[in-house]
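Colleague: This is the structure, below, for whatever I ask next.
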Amino acid sequence: MKAKQVLKILGISRVTLYKYAKNNIIKYKILPNNRYEYNDDDVYSFIGLKKDKTNTKIISYSRVSTSNQKEQLKIQTQRIYESCISKGIQLDEQIEDIKSGMNFDRDGFQKLIKQVIKGKVKLVVIENKDRLVRFGFELLQIIFKYFGTNIMILSDTITNKTYEQELTEDLISIIHYFSMKSYLHRTKLNKLRKELENAKFNNKKD
């Protein structure tokens, strides 16, 4: 692991890192270019993680938004499997979810995240970015890299109309959510205004 990564993960200064290395708290080796490479296990032990020496698992992840898309989920999972076979990639596990990509509380997604954090996953294969998460893919990709996990996207373009429809439905649900919040907020304000007016009227009456 490079010094820059160690400093980010542990939140320490270069001086502190130098002391840890000098006292053999964090082991290191000197590369041909005279740069230091720090031991992953020693670094992760500082934040309570025991990282496996090698990330070995290759996992595919597929998702649809609603239960009436179960057949499409099977087809999506099969497409990923066949694409991996054609590329000489052997999958160890295939994870599926039926839930909106805006919702992070997905059983399959949580299962995948836990394995990545434990350092068990070498590669995650997905059909499109939005199958994994609807928003924030780049951030998730960076986090995965910290744990030695790469993400392979089989297609950068969304050609399936169902995916476009899902995105539309997700955006509509966002608009609906904030509209309801706004409505409730206005309702509370109106109620408060009436209470204040009634209180003012009663004070005048007294």
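Colleague: Taking the criterion of being touching a Cys at 6+ places or on another chain (Cβ under 9 Å) and more than 20 Å from Ile142 (Cβ to Cβ), would at least one residue in the stretch 73-92 satisfy it? Walk me through how you get there before you give the answer.
Modeller: Here is the first cut: in the stretch 73-92, the ones touching a Cys at 6+ places or on another chain (Cβ under 9 Å) are 90-91.
If we keep only those that are more than 20 Å from Ile142 (Cβ to Cβ) too, we end up with 90-91.
There is at least one residue in the stretch 73-92 that is touching a Cys at 6+ places or on another chain (Cβ under 9 Å) and more than 20 Å from Ile142 (Cβ to Cβ).
Colleague: So if I check each of Asp107, Asp40, which one is over 16 Å from Asn128 (Cβ atoms) and modelled with pLDDT of 90 or more?
Modeller: Sole residue among the options that is over 16 Å from Asn128 (Cβ atoms) and modelled with pLDDT of 90 or more: Asp107.
Colleague: Take the residues in the stretch 87-102 that are of a type in the set (A, V, I, L, M, F, W, C) and not in a strand (DSSP E or B), then tell me which one is surrounded by the most Cβ atoms within 10 Å (Cβ to Cβ).
Modeller: Out of the qualifying residues, it is Met102.
Colleague: Related question: Is it true that some residue in the stretch 9-24 is out of contact with any Phe, Trp or Tyr (no Cβ under 6 Å at 6 or more places or on another chain), closer than 22 Å to Thr149 by Cβ, in contact (Cβ under 8 Å) with a residue 12 or more places away in the chain and outside any loop (DSSP other than H, G, I, E, B)? Before the answer, list the steps.
Modeller: At the first step, the residues of the stretch 9-24 found to be out of contact with any Phe, Trp or Tyr (no Cβ under 6 Å at 6 or more places or on another chain) are 9, 11-20, 22-24.
Still in the list and also closer than 22 Å to Thr149 by Cβ: 9, 11.
From what is left, the residues that are in contact (Cβ under 8 Å) with a residue 12 or more places away in the chain are 9.
Pick out the ones that are also outside any loop (DSSP other than H, G, I, E, B) and you get 9.
Checking the stretch 9-24: at least one residue is out of contact with any Phe, Trp or Tyr (no Cβ under 6 Å at 6 or more places or on another chain), closer than 22 Å to Thr149 by Cβ, in contact (Cβ under 8 Å) with a residue 12 or more places away in the chain and outside any loop (DSSP other than H, G, I, E, B).
Colleague: OK, next. Quick check on the stretch 103-129: of everything there that is surrounded by fewer than 16 Cβ atoms within 10 Å (Cβ to Cβ) and over 17 Å from Lys57 (Cα atoms), which residue is nearest to the chain's Cα centre (by Cα)?
Modeller: The selected residue is Phe104.
Colleague: If I go through the stretch 28-44 residue by residue, how many of them are closer than 17 Å to Gly119 by Cβ and part of a loop (DSSP other than H, G, I, E, B)?
Modeller: Matching residues across the stretch 28-44 total 1.
Colleague: Test of understanding: among Arg63, Arg79, which residue is surrounded by 12 or more Cβ atoms within 10 Å (Cβ to Cβ), in contact with a strand residue (DSSP E or B) (Cβ under 7 Å, 6 or more places away or on another chain) and modelled with pLDDT of 90 or more?
Modeller: So the residue among Arg63, Arg79 that is surrounded by 12 or more Cβ atoms within 10 Å (Cβ to Cβ), in contact with a strand residue (DSSP E or B) (Cβ under 7 Å, 6 or more places away or on another chain) and modelled with pLDDT of 90 or more is Arg63.
Colleague: Separate question: Do you know which residues across the stretch 26-40 are surrounded by 14 or more Cβ atoms within 10 Å (Cβ to Cβ) and of a type in the set (Val, Ile, Thr)?
Modeller: The one that is surrounded by 14 or more Cβ atoms within 10 Å (Cβ to Cβ) and of a type in the set (Val, Ile, Thr): Ile26.
Colleague: Further, regarding this structure: Looking only at residues in the stretch 114-134 that are in contact with a strand residue (DSSP E or B) (Cβ under 7 Å, 6 or more places away or on another chain) and of a type in the set (A, V, I, L, M, F, W, C), which one is farthest from Ile47 (Cα to Cα)?
Modeller: Going through the qualifying residues, I end up with Ile126.
Colleague: Considering the stretch 130-146 alone, what residues qualify as being among the aromatic types (Phe, Trp, Tyr) and either in a helix (DSSP H, G or I) or buried (at least 19 other Cβ atoms within 10 Å of the Cβ) (or both)?
Modeller: Hits for the stretch 130-146 are Phe137, Phe144, Tyr146.
Colleague: In a helix (DSSP H, G or I) and buried (at least 16 other Cβ atoms within 10 Å of the Cβ) - does that describe any residue in the stretch 50-59?
Modeller: Scanning the stretch 50-59, I find no residue that is in a helix (DSSP H, G or I) and buried (at least 16 other Cβ atoms within 10 Å of the Cβ), so the answer is no.
Colleague: Just the residues that are at pLDDT below 90 and under 11 Å from the mean Cα position of the chain (by Cα), please, taken from the stretch 131-162.
Modeller: Result: Arg134, Phe135, Gly136.
The values are calculated or read from the model by the stated rules, or taken from the named source; none is laboratory data. Only a predicted model underlies this, so the values are computations on that prediction, with no experimental measurement involved. All Cβ positions, even for glycine, are placed from backbone atoms using ideal geometry, and neighbour counts span all protein chains on display.
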